[in-house]
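The values are calculated or read from the model by the stated rules, or taken from the named source; none is laboratory data. Bear in mind the structure is a predicted one, so any value in this text is a computation, not a measurement. With ideal geometry, Cβ positions are generated from the backbone for all residues, glycine too; neighbour counts draw on all protein chains shown. What goes into the accessible areas is simple: the full protein's heavy atoms, side chains included, and nothing from ligands, DNA or RNA. Shrake-Rupley method; radii C 1.70, N 1.55, O 1.52, S 1.80 Å.
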Amino acid sequence: MALSEHILEDDLHPIDIVEDLAAHHDWDFDRIGDDQIAMAVEGQWRTYSITLAWSGHDETLRLICTYEMEPPEEHLGGLYALINDINDQCWAGAFTWWAEQKLMVYRYGLMLTGGQTASAEQIDRMITAAVLSAERYYPAIQLLLWGGRSPREALQVAIAEAWGRA
């Protein structure tokens, strides 16, 4: 059964849809305000903090997926090079490092100009894509920062696809 069958979407505020999705998936969430919600989504490697915010001014639903990280100063140049390489691989969204907050960040914006509305499936896919991207590149970042690998070597872990099951 489609998510939209569980969630009535007629003229719902995008954050209302996100709140319904969070409840549907049993994610911990906090409705910060009318236009913002924060939640925790468990991944294989980390629990990711995800915030979605609606900007009526530019009609955009913004997603920010973060996790804490404290990279050694001497590896920051490699981290920036790796993030650049990772972003070349991403079809939607992009990674960035927020040094002051010590957060690895994945960001995406869904533009809904002209009065468009987002479906529950679209928003669910946004959240899923953010977590899958963070999960895919987490090992590469770890290898670069603490495994002594170059950005190119570290990225090979994320590019390699596993076949079968161990």
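Helix 76-89 versus the longest principal axis of the chain: what angle, 0 to 90°, nearest 10, using Cα atoms? It is inclined by approximately 50 degrees.
Per-residue ellipticity at 222 nm, computed for the chain from helices alone with -39500 (n - 2.57) per DSSP H run of at least four residues, works out to -12500 deg cm²/dmol.
Per the 1.4 Å probe, what fraction of the accessible area of the stretch 20-70, in percent, lies on carbon and sulfur atoms?
Ligands and nucleic acids excluded, carbon and sulfur reach 41 percent.
In plain terms, the chain is cut at each of the GluC sites (Glu not before Pro) found in a DSSP loop with at most 16 other Cβ atoms within 10 Å, and the longest leftover piece is 101-160. Among the chymotrypsin sites (Phe, Trp or Tyr not before Pro) within the stretch 28-94, those in coil by DSSP and having at most 11 neighbouring Cβ atoms inside 10 Å are Trp91.
Once R0 is set to 35 Å, what does the formula 1/(1 + (r/R0)^6) return for the Cβ-Cβ distance between Gln116 and Arg31, expressed as a FRET efficiency to the nearest 0.05? Once rounded, the FRET efficiency stands at 0.95. Consider the candidate values [x] 51, 29, 28; [y] 51, 40, 28; [z] 84, 30, 19; state which one is Cα extents along the principal axes in Å computed from the structure displayed. Step by step, Cα extents along the principal axes in Å for this structure corresponds to label [y].
Placing R0 at 30 angstrom, the Cβ-Cβ distance between Leu12 and Leu132 gives a FRET efficiency of 0.75 after rounding to 0.05.
How about the stretch 80-134: which trypsin sites (Lys or Arg not before Pro) there lie in a loop by DSSP and see at most 14 other Cβ atoms within 10 Å? Passing sites in the stretch 80-134 are Lys102. Once both labels are positioned 7 Å from their Cα atoms along Cα-to-Cβ, the gap between His75 and Ala23 label points is 4.2 nm.
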